[in-house]
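To start, the structure itself, in structure tokens.
The values are calculated or read from the model by the stated rules, or taken from the named source; none is laboratory data. Worth saying up front: this structure is predicted, and the values here are computed from it rather than measured. Ideal geometry is used to build each Cβ from the backbone, glycine not excepted, and the neighbour counts take in all protein chains shown. The accessibility values were calculated without ligands, DNA or RNA, using every heavy atom of the protein model including side chains. Shrake-Rupley method; radii C 1.70, N 1.55, O 1.52, S 1.80 Å.
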Amino acid sequence: MLLVYTHKITPRISYTFKHIFTRMLGLPVSFTSKVEEVVAHEGPKISYTQKQLGNELHFKSTDLLFEQGITDASIKVSDWNGVPCFFQVGEMSAMPYDIFAATFYLLSRYEEYLPHVKDELGRYPASESLALQNHFLHRPVVDIWVQRLEYLFKRHFKDFVIPERLFREKVLVKVPQAYAFRKLGLLRTLGGFFSDFFNFRLRRNFDRLQVLLGARKDPYDSFTWFINIQKQTTTKIQFFFELGDFSEESRNVKHSKSTFQSLIKMVADYSKVGLMISKGAVQSLPMLKVERRRLEDIVNRSLDQVAITHNLIHLPETYRNCIDQEIVEDYSMHYATHSGFRAGTCSPFLFYDLDYEIQTPLILYPTCSEDRLLVDERRGTIDMVTIRSLYQEAKAVNGYFIIGFTNTSVIYPKGKELLKTIVLRDA
């Protein structure tokens, strides 16, 4: 048991230290603010305060983890032996930076609570982030800091065993619209036909007729292909179906269609299936309840995993609604416009509600990129430099490498090539 001494035990202290030591390094941790308990403790011990007590491993603290509420402080990012870091504390500390405060700042998405300019969809843009502004969005800096902390512990506590972390890969397949032409209903089919006709998209109408007559497969129906790929690899492929009511933003097949339900059930036989929360459900808890029940009734199991359409995350309300519905995992923690690590990590972490100052049970799985950011079908190119860099960064710290696709990603050759490159690498 690792004992942590600090002059004030706060929810932020508990959240950050348990994430680093217990969730990431596999070490049980306890806290004390009593000096006599530190003196009496015979096992490994550290202090997180302004001054060292005795012979314990001392980490000098800054103020962030002892505060409440949000304060807009100027942050200076510096280089720490090739790794960006902030909250410098000087030499009288086991590390020259307060990595605990820096970790909390990134994981809690502290900056997203500060005043900022939203993008056209009302999202927090990557351009406002500390990571993009200081050129470390592509690096899981939290995991790198923790890795350096692990090396420090192994040198200082010779007999202390830290379990080895395992590198993991996941592929997400989001399904905003299962079929391009099939099962859309008479009005949507006629509307699409006339729209394409008057806009001179005659090839699309020809494809539509072939699909409706059964002469060819619907171009969006790539699910059997994904399942066959899943059978050839140990990389987990997870699907997220949108089940919102039809609207300008939500254009999937009606959830009550038996063909659509059979498709979801078929996919669920081979892979995990979650809910892709529609724009309407992001803004409405009652609608989220409806969509959750729809998926649970189809697959006959409780909903555990969600992804939010277009990354429409509004902190903290979006995640509070997920918690209200007892959702366990979210896969929306990334930017829609930039590849990289939005929360500075490639490891799952618990959502911390800054308004309420509490750790929640919702686990956020950081996605590092999506296929549309990596593939240029017009030029016939794949950004292999970025994909290799993200993969190597995640593997170097034994984190998670998670990439997002859609069911339409593999319509084109380069989309198929990218997915095969990722999941069949070691097959």
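Numbers below:
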item: Size of charge dipole - the chain - debye, nearest 20, with Cβ of Lys, Arg +1 and Asp, Glu -1, no other charges; result: 1660 debye
item: On Cα atoms only, tilt of 202-212 relative to the major axis of the chain in degrees; result: 90 degrees
item: Antiparallel %, DSSP beta bridges [both residues in the range 44-103], to 5; result: 50 percent
item: Solvent-accessible area, 1.4 Å probe, carbon plus sulfur percent, for the chain; result: 51 percent
item: Stretchable slack from Thr421 to His156, in nm (0.36 nm times residue separation minus alpha-carbon distance); result: 91.3 nm
item: Inter-label distance, nm, simple model (7 Å from Cα along the C-beta direction), Ser284/Phe194; result: 2.7 nm
item: Dipole of the chain [Lys/Arg +1, Asp/Glu -1 at C-beta], most positive-end residue of Thr386, Val253, Val83; result: Val253
item: Difference of contour (0.36 nm per residue) and Cα-Cα distance, Arg372 to Ile70; result: 105.3 nm
item: Pairwise centroid distance, computed over Cα atoms, of the range 28-61 with the range 305-383, Å; result: 35 Å
item: Reciprocal mean inverse distance between Cα atoms of the range 235-366 - Kirkwood radius, Å; result: 15.3 Å
item: C-alpha center-to-center spacing [the range 217-262, the range 143-214] in angstrom; result: 10 Å
item: Accessible surface, the range 210-277, averaged per residue in Å² (probe 1.4 Å); result: 48 Å²
item: For the chain, share of DSSP beta bridges that run antiparallel, in % to the nearest 5; result: 20 percent
item: Average Cα contact separation per residue, the chain, under 8 Å, 6 or more apart, as relative contact order %; result: 17 percent
item: For the range 348-356, Karplus couplings with θ = phi - 60° (6.51, -1.76, 1.60), whole Hz, Gly/Pro x; result: x, 8, 7, 5, 9, 8, 5, 5, 8
item: Farthest positive-ward along the chain dipole, Cα basis, beta-carbon charges - from Thr32, Ile227, Gly280; result: Ile227
item: Selected from Leu354, Leu27, Leu187 as most flexible by GNM, with the chain as the system and alpha-carbon contacts under 10 Å; result: Leu187
item: FRET efficiency estimate (nearest 0.05) - Cβ-Cβ, Arg301 to Leu212, R0 35 angstrom; result: 0.55
item: Accessible area expressed per residue, the range 327-427, with surrounding protein chains retained (probe 1.4 Å, Å²); result: 38 Å²
item: Cα gyration tensor shape of the range 162-219, rounded if a/c is under 1.5, else prolate or oblate by comparing a/b with b/c; result: prolate
item: Two-decimal log10 I(q)/I(0) for the chain, as the Debye equation yields it once each C-alpha is a single scatterer, q = 0.08, 0.10, 0.14 Å⁻¹; result: -0.50, -0.75, -1.31
item: Over the chain: helical MRE at 222 nm, DSSP H runs n ≥ 4 each giving -39500 (n - 2.57), nearest 500; result: -9500 deg cm²/dmol
item: Choice from Asn199, Asn300, Asn321 showing the highest fluctuation, given a GNM over the chain with Cα pairs closer than 10 Å; result: Asn199
item: Dipole magnitude (debye, nearest 20) for the range 244-302, charges at Cβ of Lys, Arg, Asp, Glu; result: 120 debye
item: Mean accessible surface per residue for the range 1-80, computed with a 1.4 Å probe while every protein chain stays in place, in Å²; result: 50 Å²
item: Modelled FRET efficiency - R0 51 Å, Gln261 with Ser14, Cβ distances, 0.05 increments; result: 0.70
item: Peptides ranked, highest mean first, by Cβ atoms within 10 Å: ranges 256-262, 411-417, 106-112, 3-9; result: 106-112, 3-9, 411-417, 256-262
